[in-house]
Each structure stands twice: as C-alpha cells, then as structure tokens.
Amino acid sequence: MASLFLTLGVVVWISTTEMTQTLQQGRGQLPYNKPYLTVWVFHSMYVLFLPVCAIWKAIEAYRTSKPINELVDPQLIKRRFRLALYMNSLMLVAPWLFLWGLSRTNVGASISIMNSMCAFVYVMECLILREPASIGKLASVIISIVGIILIGLSSDASDHITGGGSSILGYISVTLCAISSSLYMVLCKKHLDSNLNSGEESSAAASKGRWGPLFDSLLFLGFSGVVTFSVFWIGIPFMHIFGIEPFEMPPGYAFNV
C-alpha cells in the first residue's frame, strides 16, 4: 500500500510540474509566471484535508459505537495547529523557490535535483537529530551533490546550444528548495517524535493504531491550509505594491493545461 501511494505521488508530482512549467513559459500562449500566488493557492487547498479528517472520525465513531468526542483528542488538535503555524513559513518558501527556479530550468533536471533531497535529509538528520553518521552514507551524499552540479551544468549547456531559457540561478533556486524541504521534513519529524516520546499523546490520540500517522499527517496539512489562507495572503498585495509579482488573474488557457 505504501509503495502504491508513493508511486501515485511521484506520478502526480511530475505531471503537476510539467503543467506548471507549461503555464509559466506559455509555450505559444501568454506566459503566467506567478510563483507566490501559485504556491498560496496550492497550499490553501490543503484545508480540504480537514473535512477528510472529520469524515474519518465520523466513520470511526459509527463503526465503534463511541461518541466522537472520545475519538478526538483536543490537545492533539492544538499541538498540530501550533506545529502548522510554526512550520508554515518554511513550507511556503520551499515550493516558491521551486516554482521560481522551474521557469528558469528544464523539468527533468529540476526533478533530478529534487530526487537527491535524501542526501540533504541525511545531513540534517545528523546535525539536528544527532543520527549516527557512516562513511557509506557520507559518500552517497557527496556523489549526490556532484550529480546535482553535473546535471545543472549539462542542462545549462544544452539549453545554451538549443536556445533554451535555463540558467544557473534557476538550478541554484531548485537546489535551495531541496535543502529547505529537507529541513522542513527533519523539523517535522523532530517535533512529532518529541510529542510521542514525551508521552503527551493521550489514549484518545489519533496517532495510535495502524492508520494513525496518516490521520496525523492529514490533520497537520489541513491546519497548514488554514494558516496559509488566513495569514499568508498578505504576501499577494505586498508583492503587487512593490512590483515584485504584480497580481494578474490566470489567462483562460490556464484552465485547459
């Protein structure tokens, strides 16, 4: 089941990346390159995970014949909301860097760089979570970093020959996205594990059971959508006023990408 979810996630991510770059570059149409607005809309949609969590608990209450208030831990909800509020800035920076760089790179190279994110995760686990290091893993990290550099240089040279629009800054931006995404993942793991290990979760916590971690993830993402929609909308008029990213509605063809 986990392999199926992972495969579906990769397919959806690659498809979304291709469509986003098509929208940004236009490809025969008017280009629409608004990375912050795109990220804000995308992450605001995470709020739809909250109704999923509500339906989940309603079905669980029906199956177990228990009141729903016995299946929902108020302290868990407060902790997940605080974590979403704390982590959301980093959660927005990473995809913004990716979308900004995507319009200046090619999709294949960008996805290759993001696929090497495991190397950055390992380094940050050693630094932040104090995981033990090994020579083999460190060698893998070095090889991944060298691969990123080679991919960026070869793609940039290819685009220079064919007249493409890739640039070193684009690959640097995507690499920074991989680094910030890795930091986000490690910090989330640190805070979620600290809650579990400290015994803060009550017997009614949603994190227990086989599917508990999935519920926790959906709850966290749902609150991230609430925070994004209600707090980070301020970036849209700010960027418009200062000319960083003038606000425009998407062109009509964007809904047919």
Item to check | Rounded to the nearest 10 Å², the accessible area of Phe42 at probe 1.4 Å | outcome: 110 Å²
Next on the checklist: With a 1.4 Å probe and all protein chains kept in place, how much accessible area does Leu48 have, in Å² rounded to the nearest 10?
Outcome noted: 100 Å²
Checklist entry - Per the 1.4 Å probe, what fraction of the accessible area of segment 93-151, in percent, lies on carbon and sulfur atoms? => result 74 percent
Checklist entry - What figure in square angstrom, to the nearest 10, would you give for the accessible area of Met45 with a 1.4 Å probe? => result 110 Å²
Next on the checklist: Would segment 31-123 count as rounded, prolate or oblate if I go by the C-alpha gyration tensor, calling it rounded below 1.5 in a/c and otherwise prolate when a/b exceeds b/c, oblate otherwise?
Outcome noted: prolate
Item to check | Among the listed pairs Lys137/Lys190; Lys57/Lys78; Lys78/Lys137, those beyond 28 Å (Cα-Cα) | outcome: Lys78/Lys137
Checklist entry - What length, rounded to one decimal in nm, is gained on full extension from Ile234 through to Ile145, with 0.36 nm per residue of separation minus their alpha-carbon distance? => result 28.5 nm
Checklist entry - Using a basic spin-label model with each label point 7 Å from the Cα along Cα→Cβ, how many nm lie between Ile55 and Leu129? => result 3.2 nm
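The values are calculated or read from the model by the stated rules, or taken from the named source; none is laboratory data. The shown structure was predicted, so the numbers you read here are calculated from the model rather than taken from an experiment. FYI the Cβ positions are ideal-geometry reconstructions off the backbone, even for glycines, and counts take in every protein chain you see. Heavy atoms of the whole protein, side chains included, go into the accessibility calculation; ligands, DNA and RNA do not. Shrake-Rupley method; radii C 1.70, N 1.55, O 1.52, S 1.80 Å.
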